[in-house]
Amino acid sequence: MNVKKPRGTSDILPAEMPAWRFVEDTCRKQAAIYGFSEIRFPTFESTELFARGVGGTTDIVQKEMYTFTDKDDRSMTLRPEGTACVCRSVVENGLYAASLPLKLYYLSNFFRYEKPQAGRTREFFQFGCECFGPSTPQADAEAILLGSSVIRELGIKGCTLHINSIGCADCRPQYRAALKEYFAAHYDELCDTCRARLETNPLRILDCKSPVCSAIAAGAPKTTDHLCDNCRAHYESLKSILANAGVDFVEDPRCVRGLDYYTGTVFEFVHGGIGAQAALGGGGRYNGLIAELGGPELPAIGFALGLSRLIMAMQTENVPLPGSAENSLYIAPLGAEAAEATASLCERLRARGVVCETDITGRSAKAQLKYADKSGHTFVAVIGSDELAAGTCELKNLRSGEKSSVRIDADELARVVKA
Ligand code: HAM
């Protein structure tokens, strides 16, 4: 049998894990610094959650969901994104009754049946943050600053923040009408998808990637020219908070996002060096979603960063990964008697928190030393009958080449290795 992984999925192999760990640790650290708590939610949910939450006119719901019928004839879907899941959990668990703002984050895998290409897979990982309660531009700014801080702490420099406001229930209908009128005049030139979007969701024509639609969209009315007084004041205030915080941004009237739940502020972190799938992450305000899912009127803002794209950006920019801070020891026994002694010594060292390995293969000392070096151990000690009789061994630092004589004693060895 020759079974391969499903198309659009990846194995994350041990050699790649340091980069993933660094990215995940940085996300967790920054989330904590900004006062966000972790939440986890099911890998699959009722299909209805995404149909209602993400929106029936989105590509996600129309084309990309992994939907199946379970043995009880219920329609289930592998989560294609996290915002609807978090909102469902907030409503179901009444989390909004606690003191607000409620600030939650997740590091999870998601599933979308998309055409795989560089930076786009069918299973992917996101760091997502959602803030419930405040409707202030300060809350928008905090979410943007948190996302920016992760990108900055990872050492990524070539990323640009795009911001826009797509208006609220009061001003969007008027903007929609203006867009419809504009695109209707170009109906014959639009691609088939955009012709359909003209009726269902004309905003989405603005981010169509086809060159013809894109050229037409460049002359389309701008959402920021159609905002109501509230949305305009909110947007202006957000811009000045970001400017005061020293965050560079570009105003991008074509940043409209691909999900239906957004209201007002939307934004994307775009990287110039990772190819066509250039968004490291994106988000925005979604003030109506909690009520849509049966909860109270509860304003919210959030975003998600794609972990594999963050790693791609770091690799493109040759950002070095921090080395492992922890020293480790490999003990190479010579002969059966020594192997028994080192097995128990190794275990005593592990009980003292020392990262420690010894031989479990029965191979030669030379092969063991090669293994110790390749595995990246800091120290190596060879212990045979002479060393056991003398009660001391030679500890070699594989990085500096320095050698020292150390008593064969767990406390003593632990002290030297951890120093
Ligand atoms: P999204 O723009 O669909 O937003 O996804 C956010 C990020 O996840 C993207 O910018 C990208 O980095 C990554 N991503 C999305 N799809 C893929 C894929 N197929 N392969 C690799 N990476 C991918 C959302 O999901 C919203 N829930 C964000 C949000 C949170 N809005 C408010 N709160």
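The values are calculated or read from the model by the stated rules, or taken from the named source; none is laboratory data. The model shown is predicted, which means the values in this text are computed figures rather than measured ones. Every residue, glycine as well, gets a Cβ built from its backbone with ideal geometry; the counts of neighbours run over all protein chains shown. For accessibility, only protein heavy atoms count, side chains too; no ligands or nucleic acids. Shrake-Rupley method; radii C 1.70, N 1.55, O 1.52, S 1.80 Å.
Worth a mention:
- Number of residues in segment 335-359 that are modelled with pLDDT of 95 or more and assigned to a loop (DSSP other than H, G, I, E, B): the value is 4.
- Test: Glu387 is free of Cβ contacts under 8 Å to residues at least 60 places away in the same chain, under 21 Å from Val416 (Cβ atoms) and part of a strand (DSSP E or B): no
Conditions (1) more than 8 Å from the ligand (Cβ to nearest atom); (2) open to solvent by 10 Å² or more (accessible area, probe 1.4 Å); (3) basic (Lys, Arg), marked per residue:
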site	(1), (2), (3)
Asp248	yes, yes, no
Cys255	yes, no, no
Gly258	no, yes, no
Thr263	yes, yes, no
Val266	yes, no, no
Ala276	yes, yes, no
Glu292	yes, yes, no
Gly306	no, yes, no
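- From the list Lys403, Lys374, the one residue that fits, being under 24 Å from Ala325 (Cα atoms), basic (Lys, Arg) and under 37 Å from the mean Cα position of the chain (by Cα), is Lys374.
- Applying the criterion of being under 20 Å from Val150 (Cα atoms) and out of contact with any Phe, Trp or Tyr (no Cβ under 8 Å at 6 or more places or on another chain) to the residues of segment 231-242, the residue that is nearest to the ligand (Cβ to nearest atom) is Leu238.
- Scanning segment 184-203 for residues that are part of a helix (DSSP H, G or I) and farther than 22 Å from Val61 by Cβ, we see that the one that is least open to solvent (accessible area, probe 1.4 Å) is Ala184.
- Members of segment 116-135 that are open to solvent by 10 Å² or more (accessible area, probe 1.4 Å), of a type in the set (D, E, K, R) and assigned to a strand (DSSP E or B): Arg120, Glu123
- Listed by first and then second residue, the pairs with beta-carbon distance under 9 Å, at least 6 apart or on different chains, first residue in segment 109-122 and within 7 Å of the ligand (Cβ to nearest atom), second assigned to a loop (DSSP other than H, G, I, E, B) and hydrophobic (A, V, I, L, M, F, W, C), are Arg112/Met65; Gly119/Ile274; Gly119/Ala276; Gly119/Ala278; Arg120/Ala276.
- Residues that are over 18 Å from the mean Cα position of the chain (by Cα), within 15 Å of the ligand (Cβ to nearest atom) and part of a loop (DSSP other than H, G, I, E, B), drawn from segment 141-167: Ile166
- Close contacts from segment 348-368, counting a first residue that is polar (S, T, N, Q) and a second that is in a strand (DSSP E or B), with Cβ to Cβ under 6 Å and a gap of 6+ residues or different chains, come to Thr358/Ile331; Gln368/Ala332.
- Members of segment 1-46 found to be in a strand (DSSP E or B) and within 14 Å of the ligand (Cβ to nearest atom), listed by number: Glu45
- Pair list, Cβ under 7 Å, 6 or more apart: segment 211-231 residue closer than 26 Å to Asp188 by Cβ and in contact (Cβ under 8 Å) with a residue 40 or more places away in the chain, other residue open to solvent by 30 Å² or more (accessible area, probe 1.4 Å) and assigned to a loop (DSSP other than H, G, I, E, B): Thr223/Pro253
- The C-beta contact set for segment 49-61 (first residue free of Cβ contacts under 8 Å to residues at least 40 places away in the same chain, second residue more than 13 Å from the ligand (Cβ to nearest atom) and aliphatic (A, V, I, L, M), distance under 6 angstrom, 6+ apart or interchain) comprises Val61/Ala51.
- Filtered residue count, segment 309-332, keeping only those that are open to solvent by 10 Å² or more (accessible area, probe 1.4 Å) and either of a type outside the set (Ser, Thr, Tyr) or at pLDDT below 95 (or both): 15
- Some residue of segment 372-384 being more than 21 Å from Lys418 (Cα to Cα), outside any helix (DSSP H, G or I) and at pLDDT below 95: no
- Scanning segment 213-230 for residues that are closer than 21 Å to Gly264 by Cα, open to solvent by less than 50 Å² (accessible area, probe 1.4 Å) and not in a loop (DSSP other than H, G, I, E, B) yields Ala217, Thr223, Thr224.
- Of all the listed residues (Gln126, Gln138), the sole one being over 16 Å from the mean Cα position of the chain (by Cα) and in the same structural domain as Asn109 (by TED's automatic domain parsing) is Gln138.
Per-residue answers, yes or no, for (1) outside the structural domain of Ile163 (by TED's automatic domain parsing); (2) within 16 Å of the ligand (Cβ to nearest atom); (3) basic (Lys, Arg):
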residue	(1), (2), (3)
Gly288	no, yes, no
Glu297	no, no, no
Met312	no, yes, no
Pro322	yes, no, no
Glu340	yes, no, no
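- Of all residues in segment 61-72, those being within 12 Å of Thr47 (Cβ to Cβ) and in a loop (DSSP other than H, G, I, E, B) number 3.
- Qualifying positions in segment 58-98 - open to solvent by 20 Å² or more (accessible area, probe 1.4 Å), in contact with a strand residue (DSSP E or B) (Cβ under 9 Å, 6 or more places away or on another chain) and of a type in the set (S, T, N, Q): Thr67, Thr69, Ser75
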